[in-house]
Each structure stands twice: as structure tokens, then as C-alpha cells.
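Take a look at the structure below.
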Amino acid sequence: MVSIDGAALAADAIAEDLIDEYRQFVCAIILGNGTPYFPPLAKPLGLRLTESRTVNSRVVYLRYQRIR
């Protein structure tokens, strides 16, 4: 049986260079170990921060675009 979760699917898409824009909500809490969102890569992705805003006192929205 094969299980595919969001992080595994994202890791495959990142490794295949299929994503042009990343949008993340970051919450400043520590939960422990989990599945990394970004897989180990042979070279850096080359991202540029294009937007950021504070959603509330603990959450920040970040938008990055690939530099080609």
C-alpha cells in the first residue's frame, strides 16, 4: 500500500522543478519532528521573496517566486 501525503507530493514536484511560486503561512510555534516540506536538493532553488504580511500576532504569510 502506498501512502501519499501533501509533503511527499510537494517534495516530488520540487525535485522535478515543477513549481514556480511558493506561498506559505508560518506560525511561530515548535511542534517537534515532522515531514520536511522541502526535500534535500543538489542545488539551491533560487527563490525571491515577492510578498510578506503579518496575518495576526503569530502568523506570517510569505510568497516566493522562482528566479529563472
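The set of residues in the stretch 12-38 being in a helix (DSSP H, G or I) and either within 19 Å of Arg63 (Cβ to Cβ) or at pLDDT below 80 (or both) consists of Ala13, Ile14. All conditions in (1) more than 13 Å from the chain's Cα centre (by Cα); (2) of a type in the set (Ser, Thr, Tyr); (3) at pLDDT 90 or above hold for Ser57, with the sole exception of (3). Test Ser3 against the stated conditions and say whether it is more than 15 Å from Ile67 (Cα to Cα) and modelled with pLDDT under 75. Yes. Just to be sure I understand, how many residues within the stretch 39-54 are within 12 Å of the chain's Cα centre (by Cα) and part of a strand (DSSP E or B)? Result for the stretch 39-54: 1.
The values are calculated or read from the model by the stated rules, or taken from the named source; none is laboratory data. Computed from a prediction, not measured in an experiment: that's the story for all the values here. So basically every Cβ, Gly included, is an ideal-geometry build from the backbone, and we count neighbours across all protein chains shown.
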